[in-house]
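The values are calculated or read from the model by the stated rules, or taken from the named source; none is laboratory data. Everything numeric here is computed off the predicted structure, so don't read it as measured data. Backbone-built Cβ (ideal geometry, glycine too); neighbour counts: all protein chains shown. The protein model used for the area step is the full one, side chains on, heavy atoms only, and it has no ligands, DNA or RNA in it. Shrake-Rupley method; radii C 1.70, N 1.55, O 1.52, S 1.80 Å.
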Amino acid sequence: VTDNVAAVLHAPGDVRIERRPIPEPGPHEVLVEIRAVGVCGSDVHYFEHGRIGDHVVRAPLVLGHESAGVVAGVGSDVRRHSVGDRVALEPGVPCGSCRECRAGRYNLCPDVRFFATPPVDGAFANYVTIHEDFAFALPAELTDEEGALMEPLSVAIWACRKGQVGPDTAVLVTGAGPIGQLAVQVARALGATELTVTDVNQHRLEVASEGGASRTLDVSRTPLAETDVEADVLLECSGHPDAVREGVRALRPAGRAVMVGMGPADEMEIPMAVVQNRELWLTGTFRYANTYPAAIGLAAAGRVNLRAIITGRFSLEDTEAALRAGRDDPASIKPLVVPGAAPA
Ligand SMILES: [Zn+2]
Ligand SMILES: [Zn+2]
């Protein structure tokens, strides 16, 4: 490839394929030829609505933040990587000097530059540049496609860390989308054996069973409250108000509720008496920090099966179809854009 093709969002529902100059890496940056990009719910949300909360697409924006590729160029001061290295990209580069960064919570940096969050372009393109510290070498065991999924896998690892999931933890995962699926797999890899998953989509529940769920529940037929499910940790991955409420109610005393899924509204009802009477811990998650080495290690050791959630491959020219895949096909979990693929 000598060209840089990018799929650019101009307005809701309006993605255009454009040619752009290949970006120049800064002194500490690598130029990466993108080989695979996962489509995330946030990409779909920007595509459909042109905004997520306060983040509004005001200028043409390249979506995509779950990516891997090959180093195609290096800046003058780059030490970690050389041309030809295969890398997974951690898509948020924090400032490194603010209060949160200095405390190690760099995911909470107010000045982070995160792919596909306005005004920062993402990875639905042939080439991107990124700070060398946020490109992680991929071992031979992992494909480029698996490399792209280090990003959602990081979200799942972060959720399990927040919930302190271990071998003696009974885990309830509400929502079996891509993050819920990976949360199940990571919880199992961390030793959890009692793993209940809820969703309203039978296909997704089957995939969760294969991923290690010990029990699945279609809550469109049997509400959680009508079961005897109880858990030490709730990994809430649906954003649905009913799942939040019922999930919190299913927690044992001193349980931990980890809110990962994003709901339709800024505010939601929580059964506060349950939180108080059982001394529950309640936390949100915002992206992740220091998870890429663990993600790459887990995947390379075969402790998670990323291929199980990949449900489609689209060329860069067909990015719009990839963004529509979730609406078009109820069996879709994680579509990928593969720039090397031939257009449909
Ligand atoms: Zn994502
Ligand atoms: Zn910072």
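Results for (1) at pLDDT below 95; (2) crowded, with 19+ Cβ neighbours inside 10 Å; (3) closer than 22 Å to Ala137 by Cα, shown as yes or no for each residue.
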| site | (1), (2), (3) |
| --- | --- |
| Ala6 | no, yes, no |
| Pro23 | no, no, yes |
| Leu31 | no, yes, yes |
| Gly41 | yes, no, no |
| Phe47 | no, yes, no |
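If you go through region 68-86 one residue at a time, do you hit one that is in contact (Cβ under 8 Å) with a residue 12 or more places away in the chain and within 16 Å of ligand 1 (Cβ to nearest atom)?
Initially, region 68-86 is screened for residues in contact (Cβ under 8 Å) with a residue 12 or more places away in the chain, giving 68-81, 83-86.
Keeping just the survivors that are within 16 Å of ligand 1 (Cβ to nearest atom) gives 68.
Looking for residues that are in contact (Cβ under 8 Å) with a residue 12 or more places away in the chain and within 16 Å of ligand 1 (Cβ to nearest atom), one finds at least one in region 68-86, hence yes.
Going through region 135-147 one residue at a time, which ones are in contact with a helix residue (DSSP H, G or I) (Cβ under 9 Å, 6 or more places away or on another chain) and open to solvent by less than 30 Å² (accessible area, probe 1.4 Å)?
Step one: of region 135-147, the residues in contact with a helix residue (DSSP H, G or I) (Cβ under 9 Å, 6 or more places away or on another chain) are 136-143, 145-147.
Leu138, Leu142, Glu146, Gly147 - these are the residues of region 135-147 that are in contact with a helix residue (DSSP H, G or I) (Cβ under 9 Å, 6 or more places away or on another chain) and open to solvent by less than 30 Å² (accessible area, probe 1.4 Å).
Taking the options His55, His65, name whichever one is modelled with pLDDT under 95 and within 16 Å of ligand 1 (Cβ to nearest atom). Talk me through it step by step, then tell me what you get.
Numbers: His65 fails: modelled with pLDDT under 95.
So the residue among His55, His65 that is modelled with pLDDT under 95 and within 16 Å of ligand 1 (Cβ to nearest atom) is His55.
Of the residues Ala322, Ala300, Ala273, which is modelled with pLDDT of 95 or more, open to solvent by 50 Å² or more (accessible area, probe 1.4 Å), out of contact with any helix residue (DSSP H, G or I) (no Cβ under 6 Å at 6 or more places or on another chain) and of a type in the set (Gly, Ala, Ser)?
Details: Ala322 fails: open to solvent by 50 Å² or more (accessible area, probe 1.4 Å); Ala300 fails: open to solvent by 50 Å² or more (accessible area, probe 1.4 Å).
Testing whether each residue is modelled with pLDDT of 95 or more, open to solvent by 50 Å² or more (accessible area, probe 1.4 Å), out of contact with any helix residue (DSSP H, G or I) (no Cβ under 6 Å at 6 or more places or on another chain) and of a type in the set (Gly, Ala, Ser) leaves just Ala273.
With (1) surrounded by fewer than 16 Cβ atoms within 10 Å (Cβ to Cβ); (2) within 16 Å of ligand 1 (Cβ to nearest atom); (3) without any contact (Cβ under 8 Å) to a residue 40 or more places away in the chain as the list, and Gly13 as the residue in question, which single condition is left unmet?
(2)
So which of Thr291, Thr283 ends up being touching a Lys or Arg at 6+ places or on another chain (Cβ under 7 Å) and in contact (Cβ under 8 Å) with a residue 40 or more places away in the chain?
On the way: Thr291 fails: touching a Lys or Arg at 6+ places or on another chain (Cβ under 7 Å).
Among Thr291, Thr283, only Thr283 is touching a Lys or Arg at 6+ places or on another chain (Cβ under 7 Å) and in contact (Cβ under 8 Å) with a residue 40 or more places away in the chain.
Determine, yes or no, whether Val83 is under 24 Å from Asp144 (Cα atoms) and surrounded by 17 or more Cβ atoms within 10 Å (Cβ to Cβ).
Values: under 24 Å from Asp144 (Cα atoms): yes; surrounded by 17 or more Cβ atoms within 10 Å (Cβ to Cβ): no.
Criteria not met by Val83.
Of all residues being assigned to a loop (DSSP other than H, G, I, E, B) and within 10 Å of ligand 2 (Cβ to nearest atom) in region 106-121, which is nearest to Leu142 (Cα to Cα)? Just the residue, please.
At the first step, the residues of region 106-121 found to be assigned to a loop (DSSP other than H, G, I, E, B) are 109-112, 115-116, 118-119, 121.
With the extra rule that they be within 10 Å of ligand 2 (Cβ to nearest atom), the set shrinks to 109-112.
Values: Cys109: 30, Pro110: 32, Asp111: 32, Val112: 28 Å.
Once the filter is applied, the top-ranked residue is Val112.
Is it the case, given these coordinates, that Pro91 is at pLDDT 95 or above, within 16 Å of ligand 1 (Cβ to nearest atom), closer than 21 Å to Pro119 by Cα and buried (at least 21 other Cβ atoms within 10 Å of the Cβ)? Even if it seems obvious, please write down each step before you answer.
On the way: at pLDDT 95 or above: yes; within 16 Å of ligand 1 (Cβ to nearest atom): yes; closer than 21 Å to Pro119 by Cα: yes; buried (at least 21 other Cβ atoms within 10 Å of the Cβ): yes.
When the stated conditions are applied, Pro91 passes them.
Would you call Phe124 more than 26 Å from Val219 (Cβ to Cβ), open to solvent by less than 10 Å² (accessible area, probe 1.4 Å) and not small (Gly, Ala, Ser)? Spell out the reasoning first.
On the way: more than 26 Å from Val219 (Cβ to Cβ): yes; open to solvent by less than 10 Å² (accessible area, probe 1.4 Å): yes; not small (Gly, Ala, Ser): yes.
Yes, satisfied.
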